[in-house]
Amino acid sequence: MFYIILYFIIISLIAIIITITDKYKAIHHKWRISESALLIVSALGGGAAMYVTMLIIRHKTQKLKFMLGIPLIIVLELIIVLLVLNYVC
C-alpha cells in the first residue's frame, strides 16, 4: 500500500511540474509539451493534480479536450479502483 501511495504522490508531482512548465513555455513562445504527453500523465494517475493545477494557473481551460477529458479520466480511474478494491476485499 505504501508503494501505491508513493506512486500517486510522484505522478501527481510530475503532473504539476509538466503543467506549469507547459504554461511557462507557452508564455515565452518556446517548444511546448505535447497535449498527448499531458493526457498520458493524467491517465497514469496524475489527473486530479493536473486538473487542479490547470484551474489555478488558468492553463488549457479553454480546451474542451482537457476540461472534459481529464475529469472523465479521473472518474474512470476511480471506477477502476473501486472495482479492484471490491474484487480484492
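If you count, for each residue, the other Cβ atoms within 10 Å and average over each peptide, how do 41-54, 59-72 line up from highest to lowest? Before the final figure, lay out each step's value.
Numbers: 41-54: 21.4, 59-72: 14.4.
Put in order of decreasing packing, that is 41-54, 59-72.
For volume of the Cα convex hull per residue in Å³, the candidate list reads (1) 61; (2) 237; (3) 86; the entry that matches the value derived from this model is (3).
Ranked from highest to lowest mean number of other Cβ atoms within 10 Å per residue, what is the order of the peptides 76-83, 17-24? Mind dumping the intermediate values first?
Values: 76-83: 11.5, 17-24: 17.2.
Put in order of decreasing packing, that is 17-24, 76-83.
Against the longest alpha carbon principal axis of the chain, how many degrees, from 0 to 90 and to the nearest 10, is the axis of helix 64-88 turned? With rounding to tens, the tilt is 20 degrees. 3J(HN,Hα) couplings calculated from phi for the stretch 8-13 with the Karplus curve 6.51 cos²θ - 1.76 cosθ + 1.60 (θ = phi - 60°) are, in sequence order, 5, 5, 5, 5, 5, 5 Hz; Gly and Pro show x.
Given an 8 Å cut-off on Cα distances and at least 6 residues of separation, report the relative contact order of the chain as a percent.
On the way: 71 pairs, mean separation 25.6, N = 89.
Contact order relative to length: 29 percent.
Here, each number is a calculation from the coordinates, and none is a lab measurement. Remember, predicted model here, so these are calculated numbers, not experimental data. Counting neighbours? That spans all protein chains shown, and the Cβs are built from the backbone with ideal geometry, glycine included.
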